[in-house]
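Working notes, structure below.
The values are calculated or read from the model by the stated rules, or taken from the named source; none is laboratory data. As the structure is a prediction and not an experimental result, all values here were calculated from the model. Cβ placement follows ideal geometry from the backbone for every residue including glycine, while neighbour counts extend to all protein chains displayed.
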Amino acid sequence: MNIIYLRTFFVSYVLFIALCVAVIAPLWWYNRKRSPEIALWLIDYILQFMGLLLITLRDVIPDFFSIIVADIFLIGGTIILYIGLGRYVKKNIRQFHNYIMLAVFTAVQTYFTYIYPDGAWRTINLCIALFYICAQASWLMLRGADRSLRSATRTTGIVFAFFCLVSVVQVIVNLIVPETHTFIVSNLFGIFAVMMYQILFVALTFALFLMVSRRLSIELEKKRLQREQEGRIIRTRLSLLEFAMTHSLDEVLQKTLDEVGDLVESPIGFYHFVEEDQKTLSLQAWSTRTLNEFCKAEGKGMHYAIDQAGVWTDCVLQKRAVIHNDYLSLPHRKGMPEGHAAVIRELVVPIMRGGKVMAILGVGNKPSDYDEEDMNTVSVLADVAWEITRRKKAEEQIKHLATHDLLTDLPSLRLAKDRLSSALNLARRYKKGAAVMFIDLDGFKSVNDTLGHDVGDYVLKEVARRLLSSVRETDTVARVGGDEFLIIATEIQSPDNAAQIAEKVIRSVSQPIIINGRQATVGTSIGISLFPDHSEDMDNLIKLADEAMYKVKNAGKNNYRFVNS
């Protein structure tokens, strides 16, 4: 067997590592603020250089330095590199087992150096330790890193895998080939092993350099996509605000869900209110695709308890956004109602105000897993939807107060006239009649004077309720004065229809009203004008009904009377 001195190869190995240090040093310098963990890579390279330099001086310096210290530098440096790689890919890896391995490795090297000198077993021990670290590094780069980074870390992981392969082969060869008694002398495989480690170390250097470059490219691309997404969100927000100016709340919520679905690639979307008790849901809106393609379940406007709802209400209980990327595996999920869309994965965001959940916006069935970026997108537009909802409700409340009586919540005279105008237009179109009934309560002043204004207010609200129960849904009951009311009855075929309504009102209102054990009784005087019999003018119909009501008052009260009767 040819015996060749290896010192020359180790010298070249040391020179190559010095060159690699010269490559890693500027890589660390230019990225020290963005990725300070690259400093650990540089430390490893320096330790590798020092370790190989000490090995090159074998038989020149004491064995403690050329064997023990040199091997500690090689394996310890590789551990430091592994720690740096873990930090680079944002993985907090415990190293206790590696520190124990380093201690055991050092003890074994010391044993085979001073107590039972054996170069082959020292080489085997070194290769096993190297394999142990490189296998972890290979797994970290190939499988442990986040999916978004694996395209950048894959090459580095492959290089570490080759380190493992060479180490395994070297262990096998050293177990089979007889030991050579001089370290600097070896067979052809020793030369080949040194050359392979040298090539792999250079490859690792360029793989690390490439990994940093690719990760930077990935981050730049991610930032570009984030800016594009932020721009889309801003445009969507402005579009929704503009849309809300000319559309109803239900239309705005549905459009919001449609836009959110497009932004996060989700065919399912829903928006539900949470009641003040934080225990009850009010089903409100679904996206267009949900209604057209997926969900046929009934429920708009329905109220039901949160604890009876599905796992998507976890966001209410936890008061934070929740992601269920593996919905079917959830142990606490509940069955879907008939006609409900099948759920694969979901993202649900609560809209919080003052520590309470006001509403829920959820999306579902994205082709891939939901992530934090999706959560941020949905959260922003969920807040936009709530602000629009709050504004719309405030506008509706202001409009309602302007057209309704504050005490009884009945339409005011202004709204009653609008409805009467519409009723008369429909009556003209379909050749039908209508009736205007002017109502004044009998004995209400006495109730106020004897029982107090609080009781009087209660009586007015109760009378309003009884009036509403006496007419059809198409009719209108309005409060036009202190104790004066107006009924607009549509589709009147004959005066008898109006008379029947008046008689029902008189019977209902005349029933005693009990409040806190006290009894109040009022009557009603009703004047009735008919369209088109008595007039076709809206204001004149009201005036004539008012005059007829006063005739009832003068004739004995608690009765009804038609105009000119």
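If you go through region 122-156, how many residues are free of Cβ contacts under 8 Å to residues at least 40 places away in the same chain and either under 25 Å from Asp71 (Cβ atoms) or touching a strand residue (DSSP E or B) at 6+ places or on another chain (Cβ under 7 Å) (or both)?
Going through region 122-156, the residues free of Cβ contacts under 8 Å to residues at least 40 places away in the same chain turn out to be 125, 132, 135, 138-139, 142-143, 147, 150, 154.
Then keep just the ones that are either under 25 Å from Asp71 (Cβ atoms) or touching a strand residue (DSSP E or B) at 6+ places or on another chain (Cβ under 7 Å) (or both); that gives 125, 132, 135, 138-139.
Final tally of qualifying residues: 5.
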>> With in the same structural domain as Asn497 (by TED's automatic domain parsing), over 30 Å from Asp537 (Cα atoms) and surrounded by 22 or more Cβ atoms within 10 Å (Cβ to Cβ) as the only criterion, which of Val463, Val459 stands out?
In response: Val459
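From the list Ile199, Ile233, Ile218, which residue is in a helix (DSSP H, G or I) and within 17 Å of the chain's Cα centre (by Cα)? I'd like the intermediate steps shown before the answer.
Working: Ile199 fails: within 17 Å of the chain's Cα centre (by Cα); Ile218 fails: within 17 Å of the chain's Cα centre (by Cα).
Of Ile199, Ile233, Ile218, the one residue that is in a helix (DSSP H, G or I) and within 17 Å of the chain's Cα centre (by Cα) is Ile233.
Condition check ((1) without any contact (Cβ under 8 Å) to a residue 24 or more places away in the chain; (2) out of contact with any strand residue (DSSP E or B) (no Cβ under 7 Å at 6 or more places or on another chain); (3) not aromatic (Phe, Trp, Tyr)) across all residues:
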{"residue": "Lys461", "(1), (2), (3)": "no, yes, yes"}
{"residue": "Ser469", "(1), (2), (3)": "no, yes, yes"}
{"residue": "Thr474", "(1), (2), (3)": "yes, no, yes"}
{"residue": "Glu484", "(1), (2), (3)": "no, no, yes"}
{"residue": "Ala489", "(1), (2), (3)": "no, no, yes"}
{"residue": "Ala498", "(1), (2), (3)": "no, no, yes"}
{"residue": "Ser510", "(1), (2), (3)": "no, no, yes"}
{"residue": "Thr524", "(1), (2), (3)": "no, no, yes"}
{"residue": "Asn540", "(1), (2), (3)": "yes, yes, yes"}
> Looking at region 305-320, which of its residues are of a type in the set (Lys, Arg) and crowded, with 17+ Cβ neighbours inside 10 Å?
Replying inline: none
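So that you can scan it fast, the table gives a plain yes or no per residue for (1) within 24 Å of Ser213 (Cα to Cα); (2) in contact (Cβ under 8 Å) with a residue 24 or more places away in the chain; (3) not hydroxyl-bearing (Ser, Thr, Tyr):
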residue: Trp28; (1), (2), (3): yes, no, yes
residue: Arg32; (1), (2), (3): yes, no, yes
residue: Glu37; (1), (2), (3): yes, yes, yes
residue: Leu42; (1), (2), (3): yes, no, yes
residue: Tyr45; (1), (2), (3): yes, yes, no
residue: Leu53; (1), (2), (3): no, yes, yes
residue: Ser66; (1), (2), (3): no, no, no
residue: Val69; (1), (2), (3): no, no, yes
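Does Gly523 satisfy the criteria of being within 21 Å of Thr450 (Cα to Cα), loosely packed, with under 14 Cβ neighbours inside 10 Å and of a type in the set (Gly, Ala, Ser)?
no
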>> Anything in region 32-87 that is of a type in the set (D, E, K, R) and either surrounded by 22 or more Cβ atoms within 10 Å (Cβ to Cβ) or farther than 23 Å from Ala145 by Cα (or both)? List them, or say none.
In response: Asp44, Arg58, Asp59, Asp63, Asp71
>> Please go through region 512-530 and give me each residue that is within 57 Å of the chain's Cα centre (by Cα), outside any loop (DSSP other than H, G, I, E, B) and not polar (S, T, N, Q), ordered by number.
In response: Ile513, Ile514, Ile515, Arg518, Ala520
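Show me the helices (runs of 4 or more DSSP H) found entirely inside region 390-470 where at least 1 residues are of a type in the set (Val, Ile, Thr).
Numbers: elements: 413-430, 444-451, 453-470.
Counting at least 1 such residues, we get 444-451, 453-470.
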>> Given (1) touching a Phe, Trp or Tyr at 6+ places or on another chain (Cβ under 8 Å); (2) surrounded by fewer than 18 Cβ atoms within 10 Å (Cβ to Cβ); (3) closer than 30 Å to Ile218 by Cβ, identify the lone condition not met by Met101.
In response: (3)
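When you scan region 256-311, how many residues do you find that are aliphatic (A, V, I, L, M) and at pLDDT 80 or above? Quick ask: steps written out before the conclusion?
Our first condition is that a residue be aliphatic (A, V, I, L, M); within region 256-311, this holds for 257, 260, 263-264, 268, 274, 281, 283, 285, 291, 297, 302, 305-306, 309, 311.
Restricting the remaining residues to those that are at pLDDT 80 or above gives 257, 260, 263-264, 268, 274, 285, 291, 311.
Selection size over region 256-311: 9.
Could you grab me the full set of residues in region 321-341 that are part of a helix (DSSP H, G or I) and either surrounded by 11 or more Cβ atoms within 10 Å (Cβ to Cβ) or at pLDDT below 80 (or both)? Explain how you work it out, then say what you get.
Here is the first cut: in region 321-341, the ones part of a helix (DSSP H, G or I) are 327-329.
The one that is part of a helix (DSSP H, G or I) and either surrounded by 11 or more Cβ atoms within 10 Å (Cβ to Cβ) or at pLDDT below 80 (or both): Tyr327.
So, Leu204, is that one assigned by TED's automatic domain parsing to the domain that holds Pro26 and either at pLDDT 90 or above or within 30 Å of Val380 (Cα to Cα) (or both) or not?
So Leu204 fits the description; yes.
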> Can you pull out the residues in region 76-99 that are at pLDDT below 95 and among the hydrophobic types (A, V, I, L, M, F, W, C)?
Replying inline: Val89, Ile93, Phe96
> Taking region 241-290 on its own, how many of its residues are in contact (Cβ under 8 Å) with a residue 60 or more places away in the chain, aliphatic (A, V, I, L, M) and not in a strand (DSSP E or B)?
Replying inline: 9
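Could you list, in sequence order, all residues of region 516-539 that are among the aliphatic types (A, V, I, L, M) and under 22 Å from Gln493 (Cβ atoms)? I'd like the intermediate steps shown before the answer.
Our first condition is that a residue be among the aliphatic types (A, V, I, L, M); within region 516-539, this holds for 520, 522, 526, 528, 530, 538.
Across region 516-539, the qualifying residues are Ile526, Ile528, Leu530, Met538.
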>> Any residue that is under 22 Å from Asn558 (Cα atoms), modelled with pLDDT of 90 or more and crowded, with 16+ Cβ neighbours inside 10 Å - is there at least one of those in region 413-435?
In response: yes
